[in-house]
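The values are calculated or read from the model by the stated rules, or taken from the named source; none is laboratory data. Predicted, not measured: the structure shown is a model, and the values here were computed from it. For neighbour counting, all protein chains shown are included, and Cβ atoms are generated from backbone atoms with ideal geometry for every residue, glycine included.
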Number of protein chains: 2
Amino acid sequence: MDLNLMRGLSVSTDSKIVLLVLDGLGGLPMHPFDRTELEAADTPNLDALAARSDLGLSRPVAAGVSPGSGPGHLALFGYDPLKYEVGRGVLSALGVGFELGENDLAARINFATKDESGRISDRRAGRISTEEATKLIDLLNQKLNLAGVEVFLIHEKEHRAVAIFRGSGLSDVLSDSDPQRVNLKPLPVEPMNGDAKAEKSSELANDFIKQANAILAGYHPANTVLLRGFGMYPALPKFDETYKLRAAAIAGYPMYKGLARLVGMEVLEESEGIAGEFQTLEENWGSYDFFFIHIKATDAAGEDGDFRRKVAVIEEVDVLIPDLLALGPAVLAVTGDHATPAKMKNHSWHRVPFLLHSEYTLPTASSFGERVCAGGSLGVFVAEEIMGLLMGHALKLNRYGA
Amino acid sequence: MDLNLMRGLSVSTDSKIVLLVLDGLGGLPMHPFDRTELEAADTPNLDALAARSDLGLSRPVAAGVSPGSGPGHLALFGYDPLKYEVGRGVLSALGVGFELGENDLAARINFATKDESGRISDRRAGRISTEEATKLIDLLNQKLNLAGVEVFLIHEKEHRAVAIFRGSGLSDVLSDSDPQRVNLKPLPVEPMNGDAKAEKSSELANDFIKQANAILAGYHPANTVLLRGFGMYPALPKFDETYKLRAAAIAGYPMYKGLARLVGMEVLEESEGIAGEFQTLEENWGSYDFFFIHIKATDAAGEDGDFRRKVAVIEEVDVLIPDLLALGPAVLAVTGDHATPAKMKNHSWHRVPFLLHSEYTLPTASSFGERVCAGGSLGVFVAEEIMGLLMGHALKLNRYGA
């Protein structure tokens with residue numbers, strides 16, 4: 001999206017936009033002749049909505065490229081994810097409410113399990129409990145001692161935490177230690193340019209890992225940490241300036257809260273679960289004109305390869321659609337930030353189903369699924385265009401040119 | 001395709017990719033309510049494959065623009081054909097195995113027939129035999145004498161040859177002498193910028209044509225030459241660096257071999273005919289992880305306006321598909337570099353049918369043809385994205401961002 005164009009054309013109005021993101025919504029059939037998760041789900045409300053909506057498939061980042069959650073969401077918010085790079089560490093730091101400063105270097109930590117040969121046998125340490133992880137984080141915070149910098153370790157959820165290195169002369173041009181697959185040894189963190197700051201920061205990170213290994217040596221399954229997504233605070237154009245929107249985010253997972261804060265959304269305190277998120281929407285309906293609602297459970301089910309559970313989450317969301325529509329949004333879009341097919345147990349590059357309901361649509365089907373979206377009136381388009389479509393359908397953009 | 005992105009994300013794996021290019025595959029119905037060549041062809045194997053594949057239509061170069069073979073293939077290989085310009089002469093020179101140097105200027109030569117008024121009556125001199133053309137090339141090599149440069153004339157096939165001008169201060173910013181249609185006079189070669197090198201090179205080329213006309217004056221039908229596709233050696237990023245692929249090319253026609261060499265593919269010695277090309281693939285299966293197979297006969301039939309022959313070539317390829325699949329490619333894509341509808345007897349700008357088979361597809365049809373591709377899950381996309389799709393489906397790209 002051309003953000004300057006948006007800035008020039010956008011106007012503030014009373015109409016309300018809801019962007020409902022089912023993380024990793026896009027799917028695949030488990031066998032060539034079957035249906036995808038979304039096609040298989042029993043979704044009478046989304047189907048009825050599709051019959052009054054524009055449909056299409058959106059492509060995040062680039063052909064064949066599987067996006068991480070950061071780039072996937074930046075594209076949904078209208079930012080070119082190849083231009084605006086945000087390390088996952090930054091998102092995590094913001095997500096846990098850490099006040100990131102300009103000199104801070106943030107990184108994502110996973111507790112992981114390594115076997116006797118030093119290879120990673122579980123990249124998530126069996127998804128250890130929050131209780132157990134919190135204890136280990138406290139232990140690390142107590143014992144770690146890095147030369148010349150302060151280190152803050154903050155627990156996120158289960159096996160996930162974030163590290164912030166505070167000191168002068170740091171750089172985020174660093175490779176990950178996470179080998180991305182099991183049965184491989186962790187990688188050394190390496191500087192990705194010749195800069196002295198990157199060199200120094202990589203030494204710091206490797207020293208951190210070495211100390212953490214020593215501290216965790218007696219524990220199981222969390223006997224090591226993997227670092228990835230190094231990032232320093234990025235300057236992103238803000239939602240209120242670009243789109244003139246008073247934007248609110250409702251998300252159950254810290255990283256998505258962090259991402260929303262980064263683009264200037266206010267993060268609302270949500271009640272428990274998917275129904276809780278919709279309840280939070282209803283309670284705050286009068287105070288904002290843009291709502292980003294993030295549902296994590298679709299992605300989690302996809303990553304676990306659990307086709308049935310992903311279907312069930314989609315059906316759980318479907319039940320809540322009538323109450324959402326009753327609030328009277330001018331625009332309701334339902335989509336994902338990327339595909340996470342249960343078949344692949346991973347994020348994928350596949351194009352993502354997109355539904356946009358407003359008073360001004362050209363419906364092409366009476367159900368919601370990947371294949372009807374392929375034949376929809378929006379065709380296949382890049383995900384960065386979504387914000388423009390939402391703004392247009394909400395009548396929040398002035399005409400371009402006389 | 002963003003080649004830097006590919007370079008950053010690509011990983012070498014054992015999975016194998018086959019890119020099967022039927023040159024000029026895209027077609028049109030001869031009459032509005034008829035079928036295209038591909039739709040009319042009896043292709044049980046491609047149809048069965050389509051039912052397990054992603055389908056789409058690819059757009060080379062730009063809307064409404066008919067690509068030459070060079071730009072058409074560069075786009076297939078992931079290179080922006082508007083950024084990476086390669087004169088056809090360069091491809092021809094590489095195709096005949098000529099060791100092109102940095103100071104060499106290459107151009108394509110067609111033997112042609114001009115009538116008494118100086119107009120071109122046949123742009124291919126009746127497709128004169130290789131035997132006859134070779135004699136004329138020898139004669140020209142013997143008698144041509146250009147001031148300050150060496151000239152090498154090398155015969156290609158039938159009416160086609162390549163000229164290489166070797167000397168200092170040459171430029172390829174030159175227009176063609178080929179008027180592209182019959183009953184027009186050949187055009188003078190003109191410099192296309194104000195550069196002194198282009199000026200000098202145009203004079204050289206026009207002097208070359210003048211001398212050739214004098215030498216060929218007594219011959220028929222090859223009584224003149226047309227020059228086109230001036231080019232100097234271009235620096236293209238190589239396949240092994242960009243995609244980390246050990247790539248091999250199987251092509252029966254010198255120009256496509258040359259193009260494959262230019263991007264760093266190894267050119268395999270192929271057996272005769274289409275079946276011979278597939279046999280070469282089988283014999284070399286273990287030694288590479290990317291195969292580009294080029295079938296010229298579809299384009300040749302289209303250029304001759306021979307709808308039935310183009311259908312027959314497609315059917316000949318179809319028969320060989322099961323053996324290819326039996327080799328077990330992770331990804332098999334079947335497409336063209338551009339359309340050559342028999343109806344137009346020429347390359348055209350039309351979008352090109354594209355089929356991609358892998359384990360991770362979202363099939364939308366049970367046949368392969370232009371119109372089912374238009375409704376496919378890949379939609380209409382730019383041809384440069386094809387390499388990204390192949391790499392993604394072969395699981396040869398890391399995730400982008402965390």
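Residues that are β-branched (V, I, T) and within 26 Å of A:R181 (Cα to Cα) within region A:94-126 comprise A:I109, A:T113, A:I120, listed in sequence order.
Please tell me if B:K343 is over 27 Å from B:E269 (Cα atoms), away from chain A (no Cβ under 14 Å) and of a type in the set (D, E, K, R).
Against the criterion (over 27 Å from B:E269 (Cα atoms), away from chain A (no Cβ under 14 Å) and of a type in the set (D, E, K, R)), B:K343 qualifies.
Condition check for A:P191 on (1) touching a helix residue (DSSP H, G or I) at 6+ places or on another chain (Cβ under 9 Å); (2) in contact (Cβ under 8 Å) with a residue 24 or more places away in the chain: one failure, at (2).
Condition first: in a loop (DSSP other than H, G, I, E, B), of a type outside the set (S, T, Y) and touching a residue at least 60 places away in the same chain (Cβ under 8 Å). Now tell me which residues in region B:222-243 satisfy that. The answer is B:A222, B:N223, B:P234, B:L236, B:P237. Just one of the listed residues (A:G328, A:G305, A:G379, A:G336) is at positive phi, under 20 Å from the mean Cα position of the chain (by Cα) and in the same structural domain as A:T43 (by TED's automatic domain parsing), namely A:G305.
Yes or no, residue by residue, for (1) within 11 Å of chain B (Cβ to nearest Cβ); (2) modelled with pLDDT of 85 or more; (3) under 21 Å from A:A161 (Cβ atoms):
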residue: A:G70; (1), (2), (3): yes, yes, yes
residue: A:T113; (1), (2), (3): no, yes, yes
residue: A:S117; (1), (2), (3): no, yes, no
residue: A:D122; (1), (2), (3): no, yes, yes
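The helices (runs of 4 or more DSSP H) found entirely in region B:34-143 that carry 1 or more residues being within 21 Å of B:V263 (Cα to Cα) are B:69-76, B:88-95.
Going through (1) surrounded by fewer than 17 Cβ atoms within 10 Å (Cβ to Cβ); (2) under 28 Å from B:G97 (Cβ atoms); (3) in contact (Cβ under 8 Å) with a residue 24 or more places away in the chain; (4) in contact with a Lys or Arg (Cβ under 9 Å, 6 or more places away or on another chain) one by one, B:E150 falls short only on (3).
Restricting region B:72-115 to residues that are more than 19 Å from B:K238 (Cβ to Cβ) and of a type in the set (D, E, K, R), the residue that is surrounded by the fewest Cβ atoms within 10 Å (Cβ to Cβ) is B:D115.
Considering each residue of region A:271-280 in turn, none proves to be on the phi > 0 side of the Ramachandran plot, in contact with a strand residue (DSSP E or B) (Cβ under 9 Å, 6 or more places away or on another chain) and in the same structural domain as A:D323 (by TED's automatic domain parsing). Among the residues of region A:194-229, the one identified as more than 16 Å from A:L170 (Cβ to Cβ), within 14 Å of chain B (Cβ to nearest Cβ) and touching a helix residue (DSSP H, G or I) at 6+ places or on another chain (Cβ under 8 Å) is A:R228.
Scanning region B:272-282 for residues that are without any contact (Cβ under 8 Å) to a residue 24 or more places away in the chain and surrounded by 14 or more Cβ atoms within 10 Å (Cβ to Cβ) gives a single hit, B:Q279.
For every residue, the table says whether it meets (1) in a helix (DSSP H, G or I); (2) at the interface with chain A (Cβ under 9 Å from one of its Cβ atoms); (3) in contact with a Pro (Cβ under 7 Å, 6 or more places away or on another chain).
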| position | (1), (2), (3) |
| --- | --- |
| B:A312 | yes, no, no |
| B:E316 | yes, no, no |
| B:L325 | yes, no, no |
| B:A333 | no, no, no |
| B:A365 | no, no, no |
| B:C373 | yes, no, yes |
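Would you check which residues across region B:375-402 are part of a loop (DSSP other than H, G, I, E, B), more than 8 Å from chain A (Cβ to nearest Cβ) and charged (D, E, K, R) and list them? Within region B:375-402, just B:K396 meets the criteria.
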